[in-house]
Amino acid sequence: MILQALLVSKDDPTAETLIQVLAQFGVAVDRSNAADVAVTRLAEERFDQVIVDFDDPEAGSLVLEACRHLAGPDRNPPVTVALLQEVSQIRSILGAGAHFILTKPVAHEQAQNTLRAATALLKRERRQSLRVAVQAAVSIRIDESNTVEAILLDLSTGGMDVLAAKPLPSAALLHVSFELPAGGAGIAGDAEVVWSTANGQTGLRFLDMDAEMREGMREWLAARSHDALPEEPDAVTQCKLTDLSLGGCYVQTESPFPQSSAVDLCLRAAGMEIHTEGLVRVMHPGHGMGIEFPARTEDQRKSVGEFIAFLTGQPGATPQLETSPRALVASAVDLNQDLGQTSSAATDAEDPLLELLRTGTALAEEAFLAELHQQRTPASVSQ
């Protein structure tokens, strides 16, 4: 599967650097000098990644807006990278929908760090969006006393489209079960409604599923797909864990993932290792990201708590962290967690780091980092 990027820039030296770096990651680049031509191409062709130069802010905004309108039930938006001259533009451009930022002049190492993360994310998105037409009976349990029958229409590793016997409410959390045809295994797991029509056709996104079951489904899909899956994205290892609590962490990295994206984290220290999922609440381009642990079950809280206790009792232990992308946009249940849907207000009040992560988007980067440093205690990872 060839990954395609559209580069919209009149800057020849910057374009040359970016094309060289993207070639290292297996991404083919088409270049356009005109924003109106780029917008037309975006409507007619499919690109996995769009890199747009904001030397002309109006033209750059036009392209970024066109990318936002590409999202739909059967199409993920491209991963977007904005090229900026002024650091003062970063917050407004991120607010307009850019996922990654590169400041000009673009150094080769800077481009490698940022585009490595962007490419890892688009590979994950492409793997999850690869769909195979399937027909099978599906049982959808809305609650203990309400089950709806449906027909599976197509399937991917990230979710599926079904035709349900009745319309399903948007953002509803469900439990689904079905058997893969032609001798495939049984599949069961939690899902959420992403979109739904009046006739019962519904798009579902998988949430919790047994790892072996998900891998078996992935192998079944790969064997029946006409397109080759891109390889699994590598973990982004150039990270430093600076702050950690039961509810989240702050990570220093030159290539943070976008706000609202979902990530997988692996924490290691002196033989101890924990794995957890995360939701990027705050993103500071070129510096770091604040990550909330949204699925904070008792088991997860216990493992994170044990890791914190271990670090506190071992001042010389240096924690190692690997992060890898999970989804460009986290599930609705994770994004809405700060509304109190899945967490205890009393517990959150005792976690100043979590509170800062949830309110940090309203702060300038300098103000956020100052507050982060001020609240550090001996239990923090670094001082």
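Quick notes on this structure:
Conditions tested, residue by residue: (1) among the aromatic types (Phe, Trp, Tyr); (2) modelled with pLDDT of 85 or more; (3) within 30 Å of residue 376 (Cβ to Cβ); (4) open to solvent by 40 Å² or more (accessible area, probe 1.4 Å).
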site: 188; (1), (2), (3), (4): no, yes, no, no
site: 194; (1), (2), (3), (4): no, no, no, yes
site: 197; (1), (2), (3), (4): no, yes, no, yes
site: 200; (1), (2), (3), (4): no, yes, no, no
site: 213; (1), (2), (3), (4): no, yes, no, yes
site: 226; (1), (2), (3), (4): no, no, no, yes
site: 234; (1), (2), (3), (4): no, no, no, yes
site: 239; (1), (2), (3), (4): no, yes, yes, no
site: 242; (1), (2), (3), (4): no, yes, yes, no
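- Candidate set from the range 35-53 (those that are touching a helix residue (DSSP H, G or I) at 6+ places or on another chain (Cβ under 8 Å), hydrophobic (A, V, I, L, M, F, W, C) and farther than 30 Å from residue 193 by Cα); member that is surrounded by the most Cβ atoms within 10 Å (Cβ to Cβ): 51
- In the range 6-19, residue nearest to residue 107 (Cα to Cα) [restricted to those that are without any contact (Cβ under 8 Å) to a residue 60 or more places away in the chain and out of contact with any Lys or Arg (no Cβ under 9 Å at 6 or more places or on another chain)]: 16
- From the list 80, 14, the lone residue that is crowded, with 17+ Cβ neighbours inside 10 Å and under 24 Å from the mean Cα position of the chain (by Cα) is 80.
- With respect to the stated conditions, residue 40 fails to be farther than 30 Å from residue 161 by Cα and out of contact with any strand residue (DSSP E or B) (no Cβ under 8 Å at 6 or more places or on another chain).
- The criterion of at least 3 residues that are touching a strand residue (DSSP E or B) at 6+ places or on another chain (Cβ under 9 Å), within 21 Å of residue 330 (Cβ to Cβ) and touching a residue at least 12 places away in the same chain (Cβ under 8 Å) is met, among strands (runs of 3 or more DSSP E) falling completely within the range 123-181, by 159-164, 173-179.
- Selection of the range 59-72 for residues being within 26 Å of residue 154 (Cβ to Cβ), open to solvent by less than 70 Å² (accessible area, probe 1.4 Å) and either in contact (Cβ under 8 Å) with a residue 12 or more places away in the chain or of a type in the set (A, V, I, L, M) (or both) yields 67, 70, 71.
- Residue count for the range 237-267, restricted to those that are part of a strand (DSSP E or B), in contact with a Ser or Thr (Cβ under 8 Å, 6 or more places away or on another chain) and small (Gly, Ala, Ser): 1
- Residue ID - surrounded by the most Cβ atoms within 10 Å (Cβ to Cβ), chosen from residues in the range 98-128 that are small (Gly, Ala, Ser) and over 16 Å from the mean Cα position of the chain (by Cα): 111
- Condition check for residue 56: under 19 Å from residue 101 (Cα atoms) and open to solvent by 40 Å² or more (accessible area, probe 1.4 Å): yes
- Search result, residues across the range 88-139 that are in contact with a Ser or Thr (Cβ under 9 Å, 6 or more places away or on another chain), within 13 Å of residue 286 (Cβ to Cβ) and among the hydroxyl-bearing types (Ser, Thr, Tyr): 114
The values are calculated or read from the model by the stated rules, or taken from the named source; none is laboratory data. No experiment lies behind these values; they were computed from the predicted model shown. In this analysis, Cβ positions are derived from the backbone assuming ideal geometry, glycine residues included, and neighbour counts consider all displayed protein chains. What goes into the accessible areas is simple: the full protein's heavy atoms, side chains included, and nothing from ligands, DNA or RNA. Shrake-Rupley method; radii C 1.70, N 1.55, O 1.52, S 1.80 Å.
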